Amino acid sequence: MVSGCLARVVYSDVKHNFLIHYIVALCILLASPIFFSLSQLDSILAAQPLELYVPLIGVVLMTPVFLPEQNESIYDIVRSKKINHDIVCILRLICSVIVILCMIGAYVLYMKNCNSQVTVRYFIGSSATALFLGAIGFAFAGIGRNVVVGYMASVIYYILNFSFGTKLGYFYLFSMMHGSFIEKKWLILIAFCMASATFPVRRIIRN
């Protein structure tokens, strides 16, 4: 009964609130051949689209999780419903993460089919970067109660990586282009921590 109710909530939410974001993310990936060659790339060149471009879908899909209730009056209505608002947002976040992983997986398989030197590590690395950027947007949008703040935070950190490069250490987004993958473990860990901490911090601020 509960699972069926949650399934209906997810379906309705995706249809009315998130379908447009999924379409935008898909369009971003489909447009990538305009900026990058995807065929017959060596391991270093193959990392370029997977780190510089593809992870942007994480920002598109994770940042707007709280967008539908950004208006206070709508939030009050949602909060009065039987299903806890945090549960709804967690379901949205899970759906976004699943879509991100599926899209990046399909993208890597396409590159593999185009004879580029990509492996499972490239899928994990690109996903880690996407989830980290998305988690920044998610956290700032949730805590700041403004999706625009979330987008700005993600974009600013993305740009900082071009300026500071490897000086960012374990938080450097483009390490695969330098042949290093250890940073990706930290990006995944920090992304999980940021996303998890957003809910209690957001609740404390609201109260």
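Summary of values
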item	result
Search result, residues across the stretch 142-184 that are modelled with pLDDT of 95 or more and in contact with a Cys (Cβ under 9 Å, 6 or more places away or on another chain)	none
Only one of L168, L173 that is in a helix (DSSP H, G or I) and either under 19 Å from L56 (Cβ atoms) or without any contact (Cβ under 8 Å) to a residue 60 or more places away in the chain (or both)	L168
Condition check for V108: over 11 Å from the mean Cα position of the chain (by Cα), aliphatic (A, V, I, L, M), within 12 Å of V54 (Cα to Cα) and modelled with pLDDT of 90 or more	yes
Total residues in the stretch 171-195, condition surrounded by 14 or more Cβ atoms within 10 Å (Cβ to Cβ) and closer than 17 Å to I136 by Cα	13
Residue match in the stretch 157-164 (condition: touching a Gly at 6+ places or on another chain (Cβ under 8 Å), closer than 22 Å to S43 by Cβ and not aliphatic (A, V, I, L, M))	no
Residue match in the stretch 116-130 (condition: β-branched (V, I, T) and outside any helix (DSSP H, G or I))	yes
Residue satisfying all of: in the stretch 85-122; in contact with a helix residue (DSSP H, G or I) (Cβ under 9 Å, 6 or more places away or on another chain) and polar (S, T, N, Q); surrounded by the fewest Cβ atoms within 10 Å (Cβ to Cβ) among these	T119
Residue count, the stretch 32-51 (criterion: in contact (Cβ under 8 Å) with a residue 24 or more places away in the chain, touching a Phe, Trp or Tyr at 6+ places or on another chain (Cβ under 9 Å) and assigned to a loop (DSSP other than H, G, I, E, B))	1
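Every residue, every condition in (1) free of Cβ contacts under 8 Å to residues at least 24 places away in the same chain; (2) surrounded by 15 or more Cβ atoms within 10 Å (Cβ to Cβ); (3) under 17 Å from S96 (Cα atoms), yes or no:
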residue	(1), (2), (3)
I124	no, yes, yes
T129	no, yes, yes
G134	no, yes, yes
G142	no, yes, yes
V155	no, yes, no
I159	yes, no, no
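The values are calculated or read from the model by the stated rules, or taken from the named source; none is laboratory data. For clarity, every value in this text was computed on a predicted model and none was experimentally measured. Note that each Cβ is placed from the backbone with ideal geometry, even for glycine, and that neighbours are counted across all protein chains shown.
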